[in-house]
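Chemist: I have a structure I would like to understand better, so I am pasting it below and will then ask my questions one at a time.
The values are calculated or read from the model by the stated rules, or taken from the named source; none is laboratory data. Owing to the predicted nature of the structure, the values given are computational and were not obtained by experimental measurement. Glycine also receives a Cβ, built like all others from the backbone with ideal geometry; neighbour counts cover every protein chain displayed. With ligands, DNA and RNA removed, areas are computed over all heavy atoms of the protein, side chains included. Shrake-Rupley method; radii C 1.70, N 1.55, O 1.52, S 1.80 Å.
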Amino acid sequence: MHITDIIKKPVVNTEKARILMESNEYVFIVDRRANKLQIREAVEKLFNVKVASVNTLNVKPKMERFRMSMYKTPAIKKAIVKLQDGEKIASYEQNL
């Protein structure tokens, strides 16, 4: 798996993601097959920063409805990446 396939997109439009940015932590939606070591390597190479820690969480699919039809939301994997002191991702904040 290539590093550009691991990181799908940043999460910037949630309240929790904005609060985490203040403590130098960034939230990404990543490939479901990626592990913490692959996520660390991908963030370090793509953004030229040093990663302190990576936490991941799997979001299960939910049943939702639109009018009379039911559908399932996709299952996704999120990664909360904490950077070392003094590091910052400049292009991440441009998406705000």
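Chemist: Using a 1.4 angstrom probe and counting only protein chains, how large is the accessible area of Phe47 in Å², to 10?
Modeler: Solvent-accessible area, nearest 10 Å²: 60 Å².
Chemist: For Ala52, enumerate residues with amide H under 5 Å from its amide H, sequence gap 5+ or separate chain, H modeled in the peptide plane.
Modeler: Distant-sequence amide H within range of Ala52: Lys82, Leu83, Gln84.
Chemist: Residue separation times 0.36 nm, minus the C-alpha to C-alpha distance between Ile3 and Asn35: what's the value?
Modeler: 10.3 nm
Chemist: Among the aspartates and glutamates, which have Cα under 12 Å from the Cα of Lys16 when same-chain residues fewer than 8 positions away are ignored?
Modeler: Hits, sequence-local ones excluded: Glu25.
Chemist: Using 7 Å Cα-to-Cβ label points, what is the Ser23/Met68 separation (nm, one decimal)?
Modeler: In this crude spin-label approximation the distance works out to 4.8 nm.
Chemist: Here's another thing I want to ask about it. In terms of the ratio Rg/(2.2 N^0.38 Å) built on C-alpha atoms, what value belongs to the stretch 1-54?
Modeler: After normalising by residue count via 2.2 N^0.38 Å, the value is 1.11.
Chemist: Rounded to the nearest 500, what is the chain's calculated 222 nm mean residue ellipticity when only DSSP H runs of at least 4 contribute -39500 (n - 2.57) each, over all residues?
Modeler: -7500 deg cm²/dmol
Chemist: Determine the gain in length on full extension of the stretch Ala75-Leu57; use 0.36 nm per residue of separation and subtract their C-alpha separation, reporting nm with one decimal. Intermediate values should be presented prior to the final figure.
Modeler: Numbers: separation 18, 0.36 × 18 = 6.48 nm, distance 1.08 nm.
Working it through step by step, the gained length comes to 5.4 nm.
Chemist: Taking only protein heavy atoms and a 1.4 Å probe, what accessible area per residue, in Å², does the stretch 3-87 have with all protein chains in place?
Modeler: Working: 5870 Å² over 85 residues.
I get 69 Å² per residue for the stretch 3-87.
Chemist: Per the Debye formula with a single identical scatterer at each Cα and no solvent contribution, what log10 I(q)/I(0) holds for the chain at q = 0.11, 0.17 Å⁻¹?
Modeler: Normalising to I(0) and taking log10 leaves -0.35, -0.74.
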